[in-house]
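Asks: What follows is a structure written as structure tokens; I'll ask about it next.
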There are 2 protein chains.
Amino acid sequence: MPRPCLDLSVYLVTDRPLSLGRDLADVVAAAVRGGATVVQLREKHCSSREMVELGRALKKVLEPTGVPLIIDDRVDVALAVGADGAHVGQSDMHWRDARRILGPDALLGLTIDHMHEVYEAEEADVDYLGVGPVFATKTHENPAPVWGPEKLAEAVRASRHPVVAIGGVKSHNIKQVLAAKPAGVAVVSAICSADDPESAARDLLRKVQQA
Amino acid sequence: MPRPCLDLSVYLVTDRPLSLGRDLADVVAAAVRGGATVVQLREKHCSSREMVELGRALKKVLEPTGVPLIIDDRVDVALAVGADGAHVGQSDMHWRDARRILGPDALLGLTIDHMHEVYEAEEADVDYLGVGPVFATKTHENPAPVWGPEKLAEAVRASRHPVVAIGGVKSHNIKQVLAAKPAGVAVVSAICSADDPESAARDLLRKVQQA
């Protein structure tokens, strides 16, 4: 199976606690109707069994749409679910191990917390970098230092990889982010906590496409 | 690679917080010198990166000894490290998923919390069952009900799989456990928290062999 075509424009990262008590599969389905182009299952506080179940539920929603499903950190869950790939951070499994386990055709993303990691990642066999937090955010427990749009632009220019901007990106500040010319924006609460996740995703996609 | 020969006599489950500040690889090396026959890396509170590093450190200690290394829960860590297999509990990945990902030659263990799970596990393609807690224990955060030696013996008789008894097993009560005729005993603090892990393992092995 070749790597699915990767449109990083609106990259949804899931968060059940931020989803206002709604079923995660429903939030994801709405986001994809609105135009989310990638979905990452990120769940830091659930059992492996539950994560596999969540992954399978999201796969059922996403498979008919062609929107790729990526699993945060848990490469084994990605394999169990038959997801399109995995995403690893600097304290997760090394991208080299993840790539070896997942095989050459899986999507693999890498979180970048600091500029020197952009340079280190030049040799990495990954499909994109997630760079952030662009702005201050409360979503992450241990946030790295804030990048700001200018340093983000520096990372975009420096890297051979497509860059997804993440961290505090909302409808009201997305223009500043897009000025840095990332391949896309990743959001958590801007969609998960929206009253209407579908129109939130549609609004973000329109802004990305206009940029 | 065929499944390594599995001697379950003294099955060490690691726990860094219970290891009195000692390096885990040193504790494991001492336990194996004393006669531990299997080692499971179990770490519930560390990053994936750190777990891979720990797994590699233990593999380095164990590989020359022939004692198999098994990784708790994290099938991806088992693959990354090149461990001999994995162990899954009832809230971890389903044994079916783990077996599919690990392949037919890996060792795979399954935790049994309740008697009905012994019967459900008859069809499971696993190499052994870990049944417990035999006695009350503080090692686990959410312990299942205590089995006691008689119910343990019932599980041993009922199952086609080798049974490892776990939970509160110490030198002073091991005789009661061995009366149930398990294939071996799994211990955490009886070795990890022993002043001398090597002689603690030796003492346990002697008692298992005498039974």
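Asks: Can you name every residue in segment B:80-91 that is crowded, with 22+ Cβ neighbours inside 10 Å and either touching a residue at least 24 places away in the same chain (Cβ under 8 Å) or away from chain A (no Cβ under 12 Å) (or both)?
Replies: Within segment B:80-91, the first condition is being crowded, with 22+ Cβ neighbours inside 10 Å, and the residues that meet it are B:80-81, B:83-88.
If the condition is that a residue be crowded, with 22+ Cβ neighbours inside 10 Å and either touching a residue at least 24 places away in the same chain (Cβ under 8 Å) or away from chain A (no Cβ under 12 Å) (or both), then B:Ala80, B:Val81, B:Ala83, B:Asp84, B:Gly85, B:His87 are the ones that fit.
Asks: Sticking with this one: Is it the case that some residue within segment B:56-79 is in a loop (DSSP other than H, G, I, E, B), within 11 Å of chain A (Cβ to nearest Cβ) and surrounded by fewer than 21 Cβ atoms within 10 Å (Cβ to Cβ)?
Replies: No, because not a single residue in segment B:56-79 is in a loop (DSSP other than H, G, I, E, B), within 11 Å of chain A (Cβ to nearest Cβ) and surrounded by fewer than 21 Cβ atoms within 10 Å (Cβ to Cβ).
Asks: Could you go through segment B:100-109 and let me know if any residue there is in contact with a Phe, Trp or Tyr (Cβ under 7 Å, 6 or more places away or on another chain), closer than 25 Å to B:Ser48 by Cα and not polar (S, T, N, Q). Even if it seems obvious, please write down each step before you answer.
Replies: In the first step, residues of segment B:100-109 are kept if they are in contact with a Phe, Trp or Tyr (Cβ under 7 Å, 6 or more places away or on another chain); the result is B:108-109.
This time we only want the ones that are closer than 25 Å to B:Ser48 by Cα, so: B:108-109.
Those still in the list that are not polar (S, T, N, Q) too: B:108-109.
Yes: one or more hits.
Asks: Looking at A:Val118, is it at pLDDT 95 or above, in a helix (DSSP H, G or I) and surrounded by 19 or more Cβ atoms within 10 Å (Cβ to Cβ)? Spell out the reasoning first.
Replies: On the way: at pLDDT 95 or above: yes; in a helix (DSSP H, G or I): yes; surrounded by 19 or more Cβ atoms within 10 Å (Cβ to Cβ): yes.
It is true that A:Val118 is at pLDDT 95 or above, in a helix (DSSP H, G or I) and surrounded by 19 or more Cβ atoms within 10 Å (Cβ to Cβ).
Asks: If only one of B:Leu102, B:Leu69 is under 17 Å from the mean Cα position of the chain (by Cα) and of a type outside the set (Phe, Trp, Tyr), which one is it? Let's see the steps before the verdict.
Replies: On the way: B:Leu102 fails: under 17 Å from the mean Cα position of the chain (by Cα).
So the residue among B:Leu102, B:Leu69 that is under 17 Å from the mean Cα position of the chain (by Cα) and of a type outside the set (Phe, Trp, Tyr) is B:Leu69.
Asks: Looking at segment A:174-201, I want the residues that are more than 27 Å from A:Glu154 (Cα to Cα) and in a helix (DSSP H, G or I) and have a partner that is open to solvent by less than 10 Å² (accessible area, probe 1.4 Å) and of a type in the set (S, T, N, Q) with Cβ atoms under 8 Å, at least 6 apart or on another chain. Which pairs are those?
Replies: Final answer for the pair search is A:Cys192/A:Thr14; A:Cys192/A:Ser19.
Asks: Report, by residue number, each residue of segment B:92-139 that is within 14 Å of another protein chain (Cβ to nearest Cβ) and among the polar types (S, T, N, Q).
Replies: Kept after step one, since they are within 14 Å of another protein chain (Cβ to nearest Cβ), are these residues of segment B:92-139: B:92-103, B:106, B:108, B:110-111, B:113, B:117.
Across segment B:92-139, the qualifying residue is only B:Thr111.
Asks: If you check every pair at least six apart or on different chains, which have Cβ atoms under 7 Å apart with a residue in segment B:155-167 that is in a loop (DSSP other than H, G, I, E, B) and modelled with pLDDT of 95 or more first and a residue that is crowded, with 24+ Cβ neighbours inside 10 Å and not hydrophobic (A, V, I, L, M, F, W, C) second?
Replies: Cβ pairs passing all conditions: B:His161/B:Tyr128; B:Pro162/B:Tyr128; B:Gly167/B:Gly132.
Asks: Checking the condition farther than 24 Å from A:Asp26 by Cβ and among the aliphatic types (A, V, I, L, M), which residue from A:Ala78, A:Ala153 passes?
Replies: A:Ala153
Asks: Here are the criteria: (1) in contact with a Ser or Thr (Cβ under 6 Å, 6 or more places away or on another chain); (2) open to solvent by 10 Å² or more (accessible area, probe 1.4 Å). Tell me which single one B:Gly184 does not satisfy.
Replies: Only one criterion in (1) in contact with a Ser or Thr (Cβ under 6 Å, 6 or more places away or on another chain); (2) open to solvent by 10 Å² or more (accessible area, probe 1.4 Å) is unmet by B:Gly184, namely (2).
Asks: Identify all residues within segment A:22-44 that are touching a residue at least 40 places away in the same chain (Cβ under 8 Å), in a loop (DSSP other than H, G, I, E, B) and open to solvent by less than 30 Å² (accessible area, probe 1.4 Å); write none if there are none.
Replies: A:Gly35, A:Ala36, A:Thr37
Asks: Still on this structure, I have one more. Among (1) touching a residue at least 12 places away in the same chain (Cβ under 8 Å); (2) open to solvent by 50 Å² or more (accessible area, probe 1.4 Å), there is one condition A:Glu53 misses while meeting the rest; what is its number?
Replies: So A:Glu53 meets the others, but not (1).
The values are calculated or read from the model by the stated rules, or taken from the named source; none is laboratory data. Quick caveat: nothing in here was measured; it's all calculated off a predicted structure. Positions of Cβ are backbone-derived with ideal geometry, glycine not excepted, and every protein chain shown enters the neighbour counts. The protein model used for the area step is the full one, side chains on, heavy atoms only, and it has no ligands, DNA or RNA in it. Shrake-Rupley method; radii C 1.70, N 1.55, O 1.52, S 1.80 Å.
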